[in-house]
Every structure is written in C-alpha cells, then in structure tokens.
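Visitor: Take this structure first; my questions come after.
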Amino acid sequence: MNPQLLDKPISESNQCFTLYDVSWEKFEAIEAALEDFPRIRLAYLDGTLDIITPLSDEHEDGKTTIRKLLEVYLEEKSIRFYARGSKTIGNIRLGGRKKPDESYNLQTKKDIPDLVIEVVVTSGGVNVLEIYKRVKVPEVWFWRKGTLSIYHLREQEYEQIEQSELLPELDLALFVRCANIPDQYDAVVEFRNTLRAQKK
C-alpha cells in the first residue's frame with residue numbers, strides 16, 4: 001500500500017495523497033495515528049483514502065469567512081440554526097467517512113446536517129459527494145477558487161443548482177462577492193451592512 005499523489009495540488013503548499021485498497025480497519029488505524037494533527041483531513045470511500053495536508057492558511061481562512069457570512073445571514077434573517085462544525089459523517093456500514101469543513105442543521109437539531117460546506121484547495125481520489133449522498137445530506141456547497149457550487153439531493157442523486165433550496169432568498173451574488181473580499185472583517189461588515197440596507 002503506497003501513497004500516490006493523485007493530482008497536482010491547486011496550491012503549492014497543499015497536498016493530497018491518495019491510498020488505494022485500504023481496509024476500514026487500516027483507515028481507522030491511520031485516523032487514530034493522525035488525531036494529534038487536526039489540520040490533516042481524511043476522506044475515505046470504499047477502500048480509497050485521501051490524506052489532505054493543508055499547509056497554508058488558504059483553507060482555514062476560506063472556510064472561516066464562508067462560515068461567518070452564512071451565520072450573519074441566518075441571524076439577520078432570524079433563521080434558527082445549529083452549527084455542527086466538522087463533526088464526522090459516515091460509518092463502516094456506509095463504506096465512507098469524512099469530516100466536513102462546516103455543517104449546519106436548520107430549524108431543528110438532527111442526526112444528519114441539512115447543509116455541508118466544503119472549501120476545496122486540492123483534489124483527491126475520493127468522491128466526496130458520494131459520501132454525503134450515502135448519508136443523505138440534503139445540500140452541499142463547494143467553495144473553490146472564489147466560486148460557489150451548490151448541489152441538492154434529488155431522490156438518489158445530487159443535482160447542481162443555481163440557487164440554494166434551503167435558503168432560497170439568499171443573494172448568492174452578494175454572498176460570493178463578499179466572500180472574495182480579501183480582509184475577513186471587511187467582508188463580514190460589508191455583507192451585514194448590505195443585508196440591513198436591503199431591509200429598509
């Protein structure tokens with residue numbers, strides 16, 4: 001079982017190593033060995049294991065900005081939500097497991113998040129959407145290179161959509177514009193101020 005660099009990283013300081021033919025037991029052993037390295041992320045599906053090592057702040061900054069903007073929106077719109085963070089999703093029965101970058105329940109607490117957010121800075125061999133499909137996560141957002149892609153679960157498959165079905169009134173153009181503001185504080189202030197101006 002040798003590590004293989006499946007794809008060139010988007011950022012030079014981010015790498016994803018993909019291992020194949022990894023049993024669930026070996027996956028759990030690797031997971032346990034890396035538990036003291038919280039910035040290393042694992043994604044496992046049907047024997048394929050991605051080991052993602054974000055060595056820059058690009059990933060953390062991106063997911064924090066997205067999280068802050070989303071929570072501002074939910075608070076300003078008085079939408080009850082429960083942040084689940086990166087609580088692990090999946091199990092041996094489903095054949096896959098992953099920690100999302102961010103996840104949320106809307107309105108009520110549930111065992112499965114309603115919304116998962118992934119900030120993609122490198123590519124791997126695991127089909128992340130397949131993991132979330134097996135868990136039946138209703139909606140998944142991918143933030144990559146300054147753009148937002150939204151997938152909603154329709155019966156058995158995800159469909160890419162132009163507007164969130166969970167948050168149909170969210171102005172995605174505004175959301176994306178603010179998410180691309182380099183300074184996180186300025187991004188949040190601009191987003192909040194614009195939302196409040198729209199109420200008037």
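Visitor: Take the residues in segment 176-193 that are of a type outside the set (A, V, I, L, M, F, W, C) and touching a helix residue (DSSP H, G or I) at 6+ places or on another chain (Cβ under 6 Å), then tell me which one is nearest to G62 (Cα to Cα).
Guide: The extreme case among them is Q184.
Visitor: State yes or no: is G85 touching a residue at least 40 places away in the same chain (Cβ under 8 Å) and either within 19 Å of the chain's Cα centre (by Cα) or closer than 30 Å to P168 by Cα (or both)? Lay out the reasoning, then the answer.
Guide: Working: touching a residue at least 40 places away in the same chain (Cβ under 8 Å): no; either within 19 Å of the chain's Cα centre (by Cα) or closer than 30 Å to P168 by Cα (or both): yes.
So G85 does not fit the description; no.
Visitor: Let me ask you something else. Looking at (1) crowded, with 17+ Cβ neighbours inside 10 Å; (2) outside any helix (DSSP H, G or I); (3) among the small types (G, A, S), which is the only condition A187 fails?
Guide: So the condition that A187 fails would be (2).
Visitor: Are any of the residues in segment 147-155 over 17 Å from the mean Cα position of the chain (by Cα), surrounded by fewer than 19 Cβ atoms within 10 Å (Cβ to Cβ) and in a strand (DSSP E or B)?
Guide: yes
Visitor: Within segment 66-113, how many residues turn out to be part of a loop (DSSP other than H, G, I, E, B) and crowded, with 19+ Cβ neighbours inside 10 Å?
Guide: Of the residues in segment 66-113, 4 are part of a loop (DSSP other than H, G, I, E, B) and crowded, with 19+ Cβ neighbours inside 10 Å.
Visitor: Exactly one condition in (1) in contact with a Gly (Cβ under 7 Å, 6 or more places away or on another chain); (2) under 19 Å from N180 (Cβ atoms) is false for R144; which is it?
Guide: For R144, the exception is condition (1).
Read-outs: derived from the displayed coordinates by stated rules, not from any lab. Just so we're clear, the structure is a prediction, and the values are computed from it rather than from any experiment. So basically every Cβ, Gly included, is an ideal-geometry build from the backbone, and we count neighbours across all protein chains shown.
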